[in-house]
Amino acid sequence: MNVVIVFNHPYHGSFCNAILEAVTTGLEKANHTVDLIHLDKDGFNPVMSASDLKAFVNRSAVDPTVIEYGKRLENADHLIFIFPIWWELMPAMMKGFIDKVIFPGMVYDYSEKGMMKKKITRIQGVTVITTMNTPRILYWSIFGNAIKKALLLGTFWKIGYKNRKWISLNRVKMVSDGKRKKWLLQLEERFSELK
């Protein structure tokens, strides 16, 4: 299976980087191919320009990086997104990836009735892994579970991907090193069993 990981965290020493390593190790143990899109290392420009927006209307991307990312998604059997939650949302580069790459004519299209439908049918699942310091109950009850609503439902459910999962690691700075190590082992094991 070819797994595309879309990663966004600027600091190499972050817990998100440790998650990336654990997930990659698990996938490689299961003999999956890993294609890493590292938005920070690529210097991805998340800003939707006037030409990008015109391309959106015409269903034909113009940014060469976006076109390359789209081609890589065409070869994916599974997508994994790894990023921190800052101020209850994803960082700008990740939001820009969704805006500019999850694009009509590339990842999805419209039916004759105007409904969204997935264009890349090879993708069998989407997994989102996030870190945050907000307690889970507060994120859900006070802040409205923004990532689930915007990304899992408002993007991938709307396009038509049924197999969607969110792994939310909460209170990351407050838990013990032992707890973080346990999370990493669980992630490595989980992705070594991905089918």
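Only the coordinates and a few stated rules stand behind these numbers; no lab work does. For clarity, every value in this text was computed on a predicted model and none was experimentally measured. Positions of Cβ are backbone-derived with ideal geometry, glycine not excepted, and every protein chain shown enters the neighbour counts.
A few remarks follow.
- Dipole magnitude for the chain: about 720 debye, using +1 per Lys or Arg Cβ and -1 per Asp or Glu Cβ, origin at the Cα centre.
- Per-residue HN-Hα couplings for segment 28-40 [Karplus 6.51, -1.76, 1.60; θ = phi - 60°; Hz; x = Gly/Pro]: 5, 4, 8, 6, 7, 8, 10, 10, 8, 9, 9, 4, 5
- Rg/Rg_ref, the chain, where Rg_ref = 2.2 N^0.38 Å and atoms are Cα: 1.02
- Counting other Cβ atoms within 10 Å as a rough exposure proxy, the listed residues 177, 77 run 177, 77 from fewest neighbours to most.
- Exposure proxy order (Cβ contacts within 10 Å, fewest to most) of 19, 98, 5: 98, 5, 19
- The chain: calculated mean residue ellipticity at 222 nm from DSSP helix runs of at least 4, using -39500 (n - 2.57): -10500 deg cm²/dmol
- Packing-based ranking, highest mean first, of 78-87, 156-165 given that Cβ atoms within 10 Å are counted: 78-87, 156-165
- Charged-residue dipole, Cβ positions (Lys, Arg, Asp, Glu), segment 78-179 about Cα centre, Debye nearest 20: 260 debye
- Given the chain, longest segment not containing exposed loop GluC sites (Glu not before Pro) (DSSP; at most 11 other Cβ within 10 Å): 1-111
- The simple Förster model, with R0 at 30 Å and r as the Cβ-Cβ distance, assigns residue 142 and residue 163 a FRET efficiency of 0.55.
- Unit charges at the beta carbon, dipole of the chain: most positive-side option, 34, 91, 69: 91
- Spacing of the two label points (7 Å from each Cα toward its C-beta) at residue 53 and residue 2, in nm: 3.4 nm
- Helix 92-101 and the longest principal axis of the Cα set of the chain meet at an angle near 40°.
- Packing-based exposure ordering (other Cβ within 10 Å, fewest first) of 57, 34, 126: 57, 34, 126
- C-alpha long axis of helix 177-192 to longest principal axis of the chain, angle in °: 50 degrees
- Charged side chains reduced to their Cβ positions (Lys and Arg at +1, Asp and Glu at -1) give segment 70-128 a dipole of some 160 debye around its Cα centre.
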